[in-house]
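The structure under discussion appears below in the form of structure tokens.
The values are calculated or read from the model by the stated rules, or taken from the named source; none is laboratory data. Predicted model only: the values in this text are computed from it and were never measured. Don't worry about glycine lacking a Cβ; one is built from the backbone with ideal geometry, like all the others, and counts go over all protein chains shown. Protein only, heavy atoms only, side chains kept; ligands, DNA and RNA dropped before computing areas. Shrake-Rupley method; radii C 1.70, N 1.55, O 1.52, S 1.80 Å.
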Amino acid sequence: MLSRIAPYLGVIALGGFALLLPQAQLSGQVMSLATGAVIYSIAAAGLGFLWGQSGQLTLAHSSVFGIGAYAAAVGAKHFGLDFVTAFPWSIGLSLVAGALIALPSLRTSGHYFVILTFAVGEVITVIEMRLESITGGVNGITALPGAQTLFGLRIGGRTDYYLVVVGFAVVVFLILLALIRSRWGILLRGMRENEDLSRSLGVNVALHRLIAFALAGAVAGLAGHLYMYFVKSIAPESFTSHLSIIFLLVVLLGGKTFLLGPIIGSVVYVFVPEFLGLSPVRSQIAFGVILVIMILLAPGGLMSLPGRAMARLRARKKTA
Amino acid sequence: MSALLSTQALSKHFDGVRALGPVDFRVDPGEIVGIIGPNGSGKTTFFNVVTGFMRPTAGRVFWQGADITGVAAHRRARLGLVRTFQEKMVFPGTSVRENAQLALIQRGMRDLSDAAVAPALDYVGLPLRTLDQQAGDLSWGQCRLLGMALGLVLKPRIVLLDEPFAGLNRIAAALVTTMLRRLKHDGIGGVIVEHEMSLLLPLCDRVVVFANGQILAEGASEEILKRDDVRAAYFGVETLARD
């Protein structure tokens, strides 16, 4: 019984630790970085789930993240929606967008599909630029919805918002964990490992892939919503394929098959350049190098290193 | 008796080149049919078209008399028409346990415990100690056995086996032979593509010979190899039988 609930307790404990972080009297800048890291980790967790569990990679994930953000911004600016009432729109539209992006995968696969998602992402960016009356065009939208409330509690300052974001992250990671450990998770991993065999065993690969993309889209949309209420000003250039590459890097850094991989990845991605004082250009070069090293030496990501070390130790003990 | 699985003028062309057909084929319930033929004679293409992994250029596939030509591969599997693969036999990056659990899920089983998984492995003679192993780390022979176990978990009416003896040592081949005999005993039909005649022929009720994408001959196992046209197509010589 304990072994079954231990992973859930682990996620809750990690969330609890993150919630205690403001007690350390950290600077406002650190709290902002932490909020950004948690939002990125949620978005990357959607991609990590899709890639790590079902084996499908998309370069349009940033665009779906952007759709969630735009839904929140447009809702706030043009329709008077607030943090809570805009939520169904952010998640719903991103869910639909995620599923739509999956449609070409029914006809194509592998590298061709990834290139196609890149093209779809670029098209979405162009649409965001052209729909000026709604999206604000190239300049984007600055939404200043004012102080928000959640379950009757006022989300006042930076720290309050950080706590809200962590709360959402815990819920998202718990849901993803439950899905990974579910019967559906087994089917998805089967599709990842051997699509033809899955089909020969009666798995409706197309349907499950569509659902997985929709779910990843919904998670990205939720993160996009949180991002919009964090930065309060968005523009199409924030959601280009460059951001998808960053999500991909975050997932790879942590380990795509590990639920908590995106958390490790996003913390490294957000905090390391700050602590090392790297300029944006230098940090890009550094992450390029890190990415190459990771792919060559630890393709399973940072989360895979303890397991690999243990396996080596066991092998050494056996041969000794 | 109506055929469990049959095809009518089934053919498949690739860029205008005929790889298969027209083929009229039938398997009765519980019957084990062997398919032999030289490489490139259309055996695997036939499997792919019959199981819905490829669309036929022309012709029809029937399941218990109903036309299933346009039915998706996963739906055919749910009908009870299950296949194995020559190469991609298992889910390599997951444990043997999870491989079997996936098949159990597809059969609609709620219980995915080791006790539920065990009979599937036992049926094909795969040891239970492999449960925690990555399927990709199994030996070639064990992979074959696991691949067959996955298909058989679904309780198929008929199973199409693509070269089940390929690359197996004698012990693994003996395990597969035992498993195939159990299939027959349990009333599960089979279509087996195989080059290893000495292993295949004793298992089959009937043998079908493919050549150039068409059925060249069919008949009882003991008779079929005596035919000169079969020996010419399969071995490339016409006089072998007389020598």
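Summary of computed values
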item: Spin-label model distance (nm) - B:Gln134 vs B:Asn212, 7 Å beyond Cα toward Cβ; result: 4.7
item: Inter-chain Cβ neighbour average for residues B:90-103, partner chain, 10 Å; result: 5
item: Spacing of the two label points (7 Å from each Cα toward its C-beta) at A:Leu313 and B:His13, in nm; result: 6.5
item: Area hidden from solvent between B and A (accessible, protein heavy atoms only, 1.4 Å, total, Å²); result: 2000
item: Long-range HN-HN contacts of B:Asp28 with modeled amide H, under 5 Å; result: B:Leu4
item: Residue-wise HN-Hα coupling along segment A:228-245, computed from phi with Karplus coefficients 6.51, -1.76, 1.60 (Hz; x: Gly, Pro); result: 4, 6, 8, 8, 6, 8, 10, 8, x, 5, 6, 10, 6, 5, 4, 5, 4, 5
item: Sparse-neighbourhood loop sites, chymotrypsin sites (Phe, Trp or Tyr not before Pro) in segment A:37-124 - DSSP loop, at most 16 other Cβ within 10 angstrom; result: A:Phe79
item: Residue with peak Gaussian network fluctuation, chain A [Cα springs, cutoff 10 Å], from A:Leu291, A:Leu106, A:Leu302; result: A:Leu106
item: Net lengthening on full extension, A:Gln29/A:Ala286 (0.36 nm per residue, minus Cα-Cα); result: 90.3 nm
item: Cα centre as origin, Lys/Arg/Asp/Glu Cβ charges: the protein assembly as shown dipole, Debye; result: 960
item: Span from the segment B:56-122 Cα centroid across to the segment A:146-166 one, whole angstrom; result: 50
item: Neighbouring partner chain Cβ atoms per residue of A:184-194, average, 10 Å criterion; result: 6
item: Karplus 3J(HN,Hα) series, Hz, for segment B:46-56 with 6.51 cos²θ - 1.76 cosθ + 1.60 (x for Gly, Pro); result: 4, 4, 4, 6, 5, 8, x, 7, 9, 7, x
item: Lysines whose Cα lies under 18 Å from that of A:Lys232, excluding same-chain neighbours fewer than 8 positions away; result: A:Lys77
item: Approximate spin-label separation A:Glu132-A:Ala6, in nm, with each point projected 7 Å along Cα-to-Cβ; result: 6.0
item: Nearest-0.05 FRET efficiency for B:Val71 and B:Ala220, computed from C-beta distance (R0 30 Å); result: 0.40
item: Check: segment B:90-209 dipole with +1 on Lys, Arg Cβ and -1 on Asp, Glu Cβ, in debye; result: 320
item: In Hz, Karplus ³J(HN,Hα) per residue of segment A:148-165 (6.51, -1.76, 1.60; θ = phi - 60°; x = Gly, Pro); result: 10, 10, 9, 6, x, 9, 7, 8, x, x, 4, 5, 4, 5, 4, 5, 4, 4
item: Other-chain or far-sequence residues with amide H under 5 Å of B:Ile68's (modelled H); result: B:Val61, B:Phe62, B:Trp63
item: For B:Arg83, distant residues with modelled amide H under 5 Å away; result: B:Leu160
